[in-house]
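Read through the structure below, which is laid out as structure tokens, and then see the notes.
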Amino acid sequence: MIKLTTENTKRAIAKCRQLKPTVRFIKDRFFAVYSANNSNVYHVSFDVQNGEKFGECECKASERGLVCYHLIAGATANIYRQSLKRTR
Ligand SMILES: [Zn+2]
């Protein structure tokens, strides 16, 4: 899993805002992200360890240890879900 920091997510956040990929919730901390460029679907998962966020995606960029925009799309949906839980 890749540790998500403010630094290494910057570029992916910008790309995600531009492409606005579709995200589908599968189960807790597990999402499917539909590629904005082709028909690929990437599964992303998240974890929190000692207050630090970690994420993993199936795409080539993630394999190389880079934070991709799929991760950001999933993370955004994850944060949104967590905030829904809290307000209930
Ligand atoms: Zn990815």
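Taken over the range 59-76, the criterion of being more than 7 Å from the ligand (Cβ to nearest atom) and either assigned to a loop (DSSP other than H, G, I, E, B) or free of Cβ contacts under 8 Å to residues at least 40 places away in the same chain (or both) is satisfied by 60, 63, 64, 65, 66, 67. Does residue 13 count as surrounded by 14 or more Cβ atoms within 10 Å (Cβ to Cβ) and touching a residue at least 60 places away in the same chain (Cβ under 8 Å)? Considered against the rule, which asks whether it is surrounded by 14 or more Cβ atoms within 10 Å (Cβ to Cβ) and touching a residue at least 60 places away in the same chain (Cβ under 8 Å), residue 13 comes out as no. When the range 33-73 is filtered for residues that are polar (S, T, N, Q) and either within 10 Å of the chain's Cα centre (by Cα) or more than 14 Å from residue 3 (Cβ to Cβ) (or both), the ones remaining, listed by number, are 35, 37, 38, 39, 40, 45. In the set 76, 22, only one residue is β-branched (Val, Ile, Thr) and over 10 Å from the mean Cα position of the chain (by Cα); that residue is 22.
Just checking, how many residues over the range 61-80 are open to solvent by 70 Å² or more (accessible area, probe 1.4 Å) and either touching an Asp or Glu at 6+ places or on another chain (Cβ under 8 Å) or among the β-branched types (Val, Ile, Thr) (or both)?
The number of residues fulfilling the criteria is 2.
The values are calculated or read from the model by the stated rules, or taken from the named source; none is laboratory data. Predicted, not measured: the structure shown is a model, and the values here were computed from it. Counting neighbours? That spans all protein chains shown, and the Cβs are built from the backbone with ideal geometry, glycine included. For the accessible areas, the whole protein counts, side chains as well, though only heavy atoms, and no ligand, DNA or RNA atoms are used. Shrake-Rupley method; radii C 1.70, N 1.55, O 1.52, S 1.80 Å.
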